[in-house]
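Here the structure comes first, spelled out in structure tokens, and everything after it is commentary.
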Amino acid sequence: GCGEIEPVAPERLLVGGRDGAAWDLAEPLMAEGRLPNLAGLVARGRTADLESTAIPISSAAWTTATTGLEPGETGIYSFLQPVEGSYEPRLVSARDNRGVPLWRILSARGRDVSVWGVPLTWPPEPVRGVMVSGMLSPRDDVWTHPAPLTQVLSARGMVPDLGIWRDRTQLTPQRLASQLALKEKALLDTFKNRDWSFALVVFKNLDVLSHRAYTPNPRGEVAALMERLDRTLGALIEAAGPNANVVVMSDHGFHTYPRVFDVDTWLEGAGFAVRRDDAVLEPGATGPLAEARVLQRGARRGRLDMARTRAYADAAEGGFCAIRLNVEGREAEGSVAADERDSVIDALEGALGEIRDADGAPVVRAIWRGAELYPGTEQERVVPDLVVELEDGWRAVAQGLGPALQSAPRSFPEHDRTGILVAAGPAIAHSKEREVWRMRDVAPFALRLMGETIP
């Protein structure tokens with residue numbers, strides 16, 4: 001205040017997102033010296049198990065991480081949302097996010113930002129800097145800010161969403177490598193040509209490959225991709241400069257599941273959902289998931305006699321599934337009166353807790369009421385009434401195509417709730433202890449590192 005101390009300019013912050021990165025693969029690779037740049041951050045910084053949202057899904061997790069707000073406040077719980085007055089769902093977009101993400105806060109405060117590949121950032125917004133939208137971006141539309149950058153990147157062969165949501169092109173190691181190289185070059189060009197303060201770069205290709213080939217075996221395809229991503233990390237750290245703080249994080253981990261719990265089948269068997277007499281049992285639509293998932297979920301609900309259905313399945317991912325009550329006044333053909341909600345939830349909780357496998361072991365580990373798990377102004381609209389976590393080894397699906405409890409022909413790779421976080425830099429004290437953080441901790445931590453006040 002007396003002018004005797006020169007103000008220190010806030011440091012740069014580089015956040016490297018690895019969609020789906022898990023410690024049980026990263027740790028053995030670091031031990032073998034195959035992730036030298038990540039290991040270097042660990043050696044001088046701190047680490048955490050980063051707890052994803054329940055359910056652990058990219059849409060909810062990245063939105064929570066970048067706003068510091070959870071699904072009851074952001075309005076983003078999964079990739080689909082109910083259409084008011086209908087049982088038909090629709091695909092979400094950046095327009096549905098009720099929270100204020102980091103890049104908007106920082107842009108408004110005059111900081112230059114560079115945001116690349118974050119899921120649910122399409123359509124892009126006019127940030128102070130650069131935004132390249134990620135997952136769910138249609139390639140035939142504008143997916144960058146400034147808009148002309150879309151043509152520049154497209155001409156080089158870069159696509160905004162490499163995966164089955166928008167792209168059914170065969171996923172090959174060559175295509176993964178070429179897209180990663182294109183993205184890395186574009187990033188380094190941007191870093192060189194702009195005096196940026198904050199960069200958030202998400203690599204979705206790790207999740208895309210893990211859905212097909214994940215294994216904790218350090219000799220697998222996913223391990224090879226993690227090595228390549230580590231080289232990119234090294235190039236980005238070098239471009240950021242020696243005074244930058246660096247955070248590497250994932251929105252969830254990965255796990256292999258040998259058994260399946262079909263919540264649709266279970267709800268029917270337990271009497272909470274009733275199938276129409278003329279319902280047709282079939283797998284449903286195929287094609288890019290952006291269209292197929294909407295049609296599939298609509299078809300599943302179309303099989304039900306909603307006038308007699310008290311509860312139906314919502315999202316399912318990894319070892320988590322969600323159940324929504326068919327409430328009068330909220331759902332189109334609600335059958336559960338407002339004063340019956342608690343009793344139906346009690347009955348669901350009791351029945352779920354009694355599920356046992358062939359050996360008599362429980363299948364359900366935990367049950368949360370959505371209103372208590374994720375309160376907020378958007379809770380009633382998008383958050384399910386019950387969120388269910390299964391015991392280890394059980395993967396949740398909502399299909400209604402087989403028995404409620406199934407043994408899969410092979411262990412299926414799918415999301416796990418525990419992601420990774422590594423942070424290192426001038427403002428970060430070293431610690432050998434592995435901490436436990438939640439997704440909502442990331443945004444205020446980032447603002448703190450940049451010397452910004454936290455809303």
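The values are calculated or read from the model by the stated rules, or taken from the named source; none is laboratory data. Computed from a prediction, not measured in an experiment: that's the story for all the values here. Neighbour counts run over all protein chains shown; Cβ positions are idealised from the backbone, glycine included. What goes into the accessible areas is simple: the full protein's heavy atoms, side chains included, and nothing from ligands, DNA or RNA. Shrake-Rupley method; radii C 1.70, N 1.55, O 1.52, S 1.80 Å.
Numbers for the structure displayed
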{"item": "Tensor-based shape of the chain (alpha-carbon gyration tensor, a/c under 1.5 rounded, otherwise prolate or oblate)", "result": "prolate"}
{"item": "Percent accessible area from carbon and sulfur atoms, the stretch 1-147, protein chains only, probe 1.4 Å", "result": "52 percent"}
{"item": "C-alpha center-to-center spacing [the stretch 25-48, the stretch 102-167] in angstrom", "result": "29 Å"}
{"item": "For ARG90, distant residues with modelled amide H under 5 Å away", "result": "GLN81, VAL83"}
{"item": "The stretch 303-354, accessible area per residue, ligands and nucleic acids excluded (1.4 Å, Å²)", "result": "37 Å²"}
{"item": "Among beta bridges that DSSP assigns inside the chain, antiparallel share in %, nearest 5", "result": "55 percent"}
{"item": "Neighbourhood charge, 11 Å Cβ-Cβ cut-off, centred on MET439 and excluding it, Lys, Arg +1 and Asp, Glu -1", "result": "-1"}
{"item": "Low-density loop cleavage sites - chymotrypsin sites (Phe, Trp or Tyr not before Pro) in the stretch 51-98, where at most 12 other Cβ are within 10 Å (DSSP)", "result": "none"}
{"item": "Cα gyration tensor shape of the stretch 50-199, rounded if a/c is under 1.5, else prolate or oblate by comparing a/b with b/c", "result": "oblate"}
{"item": "Proximal charge balance of GLU378 [Cβ under 12 Å; K/R count +1, D/E count -1]", "result": "-2"}
{"item": "Probe 1.4 Å, accessible area per residue of the stretch 39-102, Å²", "result": "29 Å²"}
{"item": "222 nm mean residue ellipticity, helices alone, for the chain (DSSP H n ≥ 4; -39,500 (n - 2.57); rounded to 500)", "result": "-9500 deg cm²/dmol"}
{"item": "ASP342 accessible area, 1.4 Å probe, all protein chains in place, Å² to nearest 10", "result": "100 Å²"}
{"item": "Surface share of carbon and sulfur [accessible, 1.4 angstrom probe, percent] for the stretch 374-427", "result": "49 percent"}
{"item": "For the stretch 249-254, Karplus couplings with θ = phi - 60° (6.51, -1.76, 1.60), whole Hz, Gly/Pro x", "result": "8, 10, 7, 6, x, 9"}
{"item": "Net charge, ASP359 excluded, C-beta distance under 12 Å - Lys, Arg +1, Asp, Glu -1", "result": "0"}
{"item": "Heavy-atom accessible area per residue - the stretch 189-243, 1.4 Å, Å²", "result": "41 Å²"}
